[in-house]
Amino acid sequence: MTADPNPAQTSPQPAPGRPLVEITNVDKHFGEFHALKDITLTVHHGEVVVVIGPSGSGKSTLCRTINRLETIDNGTITIDGKVLPEEGAQLAQLRSDVGMVFQSFNLFAHKTILENVTLGPIKVRKLGKADADALAMDLLTRVGVEHQAQKFPAQLSGGQQQRVAIARALAMKPKVMLFDEPTSALDPEMINEVLDVMVELAQDGMTMVVVTHEMGFARKAANRVAFMADGEIVEVAEPETFFTAPRSERAKDFLSKILTH
Amino acid sequence: MTQLFLSGTWGTLRLFLLTLVGCLVLGTILAAMRVSPTPVLRVTAHTYVNVVRNTPLTLVMFFCVFGLPYLDIRFAESAGLNSMILATIALIAYTACFVAETLRSGIATVPVGQAEAARAIGLTFGQTLSTVVLPQAVRTVIPPLGSVIIAMLKNTSIASAFNNRELMSAMRNAIELRGDLVITILLATAVVYLVLALILGRVFDLLEKKLVILR
Ligand SMILES: Nc1ncnc2c1ncn2[C@@H]1O[C@H](COP(=O)(O)OP(=O)(O)O)[C@@H](O)[C@H]1O
Ligand SMILES: [Mg+2]
């Protein structure tokens, strides 16, 4: 990563690298319902973009279109210059470059923590079991759950499960990581252990798209905040600017609601 | 007489084991087709299951044992072996529908998020199904799958009507030889089925205990 040109500022300057995820004029309907309206957003190499907005505004849908868990009706999405392929082996290959962390962890219930992390490297990256185990133990240590490696997901706390989910995604050595409200399902005392891992990732230069309402995280790690409402990206700004002086009425209204608590 | 029953039991077991393997394989393929992203596969499996499942087994047997040879499809030189293979095909074709439906109900209990997580790390549809979804689906449907397999064991008796040597045909032969012992022979036959079914039930109980998943 390039050195921060302005170290006095809390958040790094935007757009450190070339485009990695390019979303251009994307539309998405669920039946009659227009869930994403003409979305255009570029995420650069090494950049962290936080997506924020009211419930139902399309944040999850946007996140899921980036690895094609949702198809789109119009527009294009490219990852590192490659257009998302249709269903099939090529799509699977591209998805392996895009890590995803879900609100509800979604660990494989019948597999141990170690197996959860090694499954992708073994099946997709064709790593040998010993190499995959070593890689997984490395990552589990990095997220602080190495002692749980032989347990099953249900035996771990929510915070631990989410950190395993992050390790599972990282095991594929993705180019970009998507987080869809990774701390929303957690008890309050476990939120920080997950956010700390994410901040560290951001500092290591990982490209990230993070749907979250954690302003502390946005301030600490995000280059830009994208505010969504009713399926549109209403405003994109640096975190400080967005939280202290939002331009749009809808953003002001939304912030006043989440700040009253 | 004992000899007759032993060879009959062996015939039933052979029919049962071949069908067991076959119906699990075909049932799994059908269940996979029913949840596949390809519409043609989904419709094909759906149609097959609905047609065959709603046809009496006897008719399915008739079709295989008399229909297939009529179409010049033959599997063995010896008539006995050929009937056995044809009856096995009929049983597999029929039982696979129930296996597929049972598996499909199990697939529905696996949280969608896990399949999405599997696809998100780059597993293909087949890999997602075979490593994440099916292993969990199978564990949740072991009791009803046990019922399907026990029903199949009893259904092997229908093959006796189609020139097969198994328990029921052994029983009929025995009755012809010793008409005076008819009640005893009937009871003995029932006991053999009962013992086989109880053993199967026990196997499924053990499997259920062994494969329980924490949630
Ligand atoms: N699979 C779906 N089928 C129908 N409507 C959906 C589906 N997924 C999301 N939606 C609708 O799309 C809108 C945006 O959803 P979502 O992206 O989950 O919002 P957010 O994550 O911002 O809360 C919501 O109104 C939701 O009801
Ligand atoms: Mg959401």
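The values are calculated or read from the model by the stated rules, or taken from the named source; none is laboratory data. Because the structure is predicted, anything quoted here is derived from the model rather than measured. Methodologically, a virtual Cβ is constructed for each residue, glycine included, from the backbone with ideal geometry; neighbour enumeration extends over all protein chains shown. Just the protein is used for accessible areas: all its heavy atoms, side chains included, with ligands, DNA and RNA removed. Shrake-Rupley method; radii C 1.70, N 1.55, O 1.52, S 1.80 Å.
Some values worked out for this structure:
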item	result
Candidate aspartates and glutamates for bridging to A:LYS129, where Cα separation is under 12 Å - those fewer than 8 sequence places away on the same chain excluded	A:GLU115
Mean separation of Cα contacts under 8 Å, 6 or more apart, over the residue count of chain A: relative contact order %	26
For residues of A:78-91, the mean tally of beta carbons on other chains within 10 Å	1
Over chain B - Rg/Rh using Cα atoms and the Kirkwood inverse-distance radius	1.05
Per-residue average of Cβ from other chains inside 10 Å of A:119-127	4
Partner lysines for A:LYS28 [C-alpha distance under 19 Å; skip if fewer than 8 residues away on the same chain]	A:LYS37, A:LYS59
DSSP-loop trypsin sites (Lys or Arg not before Pro) across the stretch A:193-261, with at most 16 other Cβ within 10 angstrom	A:ARG247
Fraction of antiparallel bridges per DSSP, the protein assembly as shown only, in percent to nearest 5	55
Taking only Cα atoms of the protein assembly as shown, radius of gyration then Dmax in Å	29.5, 105
Separation in nanometres of the label points that stand 7 Å from Cα toward Cβ, at A:ASN74 and B:GLN3	8.4
Probe 1.4 Å, protein heavy atoms only - accessible area per residue of the protein assembly as shown in square angstrom	46
Among the listed pairs A:LYS111/B:LYS210; A:LYS123/B:LYS209; A:LYS175/A:LYS220; A:LYS123/B:LYS210, those beyond 18 Å (Cα-Cα)	A:LYS123/B:LYS209; A:LYS175/A:LYS220; A:LYS123/B:LYS210
Accessible surface of A:GLU189 - all protein chains present, 1.4 Å probe, nearest 10 Å²	130
Value of D in µm² per second that Stokes-Einstein yields for the stretch A:126-261, Kirkwood Rh from Cα pairs, at 25 °C (0.890 mPa s)	148
Structure-based [θ]222 nm, the protein assembly as shown - -39500 (n - 2.57) summed over DSSP H runs of at least 4, per residue, nearest 500	-16500 deg cm²/dmol
Nearest-10 value in Å² for the accessible area of A:GLU115, using the 1.4 Å probe	80
Per-residue mean of C-beta atoms belonging to partner chains within 10 Å, peptide B:106-118	4
